[in-house]
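The values are calculated or read from the model by the stated rules, or taken from the named source; none is laboratory data. Computed from a predicted model, the values in this text were never measured in an experiment. Here Cβ is always computed from backbone atoms with ideal geometry, including for glycine, and neighbour counts include all displayed protein chains. Surface areas here come from the heavy atoms of the whole protein model, side chains and all, with no ligands, DNA or RNA. Shrake-Rupley method; radii C 1.70, N 1.55, O 1.52, S 1.80 Å.
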Amino acid sequence: MRKSNPNKNIIIILIVAIIVVTTISITAASRARDSKTNIVQSAVNDTISVVDKVITAPGRWLTGGVQSIANLLNTYEENQKLKNEVDQYDEVKQQTKNQAQEIERLKDELELNQTLTSYQKVTANVITRSPDTWQDMLIVDKGSSDGVEGNMAVMSKKGLIGRVMEVNAHSSKIQLLTSDNKSSNHFPVKISSAKGDSFGVLNKYDVKAQQLIASEITGEQDIKAGDVVQTSGLGGNSPADLAIGTVIKVKPDSYGLNREVYIKPYAQMYDISVVTIIQRMAGAAE
């Protein structure tokens, strides 16, 4: 077997290399003189282009994939950040709304207190109102240590809402006018009409119509819609002239012997967060 001569192989490689370099140089010079590309130059350019594409394609694909993943991750992070900002905005918006509502309630209670300058009173916050006794009672954060006593009238916003039924040292339970307890929500009332005052007892609540009902009306005065209803002070359990509401309508009772007066209360009976407890008339004996 003939052995390959290494020197001969090297000489052949060098000759091929010289031919390729010479060809490229000649084609480059020719290209400088003539803008048209010859066949040899085209073949060389095409070969180099194909080889370049084959060699660089994986790198370009990998670089593009990495960049796409990076862009996707950045987009996800930006979306999460925007979502958190939207959630925080909604939370702040709701807090602002709640604070605005609380400010309005306090303003209403302040206006009420300004109309009650003839009374000694204490303002209390509602701390408990159970859903199963929503229409019956609520608990406030003032008690005997603040001068609260049983049977004291309780107001909220613009009108009467109930009376104190139970007193502890630092809290009190309020029986509401909307309660079905007929023995505890009676208030003597005065109905002021154009021809004089009529008197009766506040003792019912129409849940569907959200109206108070007064019965046992005395006198023959003509009571009309819009007449003002206040506490009469009779009986001694509550001061006189506390605002209750206005007359909506008058109709005979179920026996047809007496009149029942339907009253639209000044107070909102269901949205109560602050109350004013009427202790006594200003200047009254302790």
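A few comments on the model shown:
- Of 195/224; 224/264; 173/249; 142/190, pairs whose Cα-Cα distance is over 20 Å: 173/249; 142/190
- Across region 188-199, computed HN-Hα scalar couplings (Karplus, 6.51 cos²θ - 1.76 cosθ + 1.60, θ = phi - 60°) run x, 10, 10, 10, 9, 10, 4, 9, x, 9, 10, 10 Hz from first to last residue, x flagging Gly and Pro.
- Between amide H atoms placed 1.01 Å from N, distances below 5 Å from residue 143 occur with 148, 171, all of them 5 or more places distant or on a separate chain.
- Residues whose amide H lies under 5 Å from that of residue 120, counting only those 5 or more places away or on a different chain, are 279, 280, 281, 282; hydrogens are built 1.01 Å from N in the peptide plane.
- Zone residues, region 202-219, relative to residue 253, backbone N less than 16 Å from point 7 Å out along Cα-to-Cβ: 202-206, 213-219
- Rounded, prolate or oblate (a/c below 1.5 giving rounded, otherwise prolate when a/b exceeds b/c) for region 198-249 by Cα gyration tensor: oblate
- Probe 1.4 Å, accessible area per residue of region 126-250, Å²: 45
- Here the 3J(HN,Hα) profile of region 130-139, calculated from phi with Karplus coefficients 6.51, -1.76 and 1.60 at θ = phi - 60°, is 6, x, 7, 10, 4, 7, 9, 7, 8, 10 Hz, Gly and Pro shown as x.
- Scalar couplings 3J(HN,Hα) for region 70-85, obtained by applying the Karplus form with A = 6.51, B = -1.76, C = 1.60 to θ = phi - 60°, are 4, 5, 5, 5, 5, 5, 4, 5, 5, 5, 4, 4, 5, 4, 4, 5 Hz; x denotes Gly and Pro.
- Multiplying the residue separation of residue 78 and residue 228 by 0.36 nm and subtracting their alpha-carbon distance yields 47.9 nm.
- Sorting the segments 213-219, 122-128 by their residues' average number of neighbouring beta-carbon atoms within 10 angstrom, most packed first, yields 213-219, 122-128.
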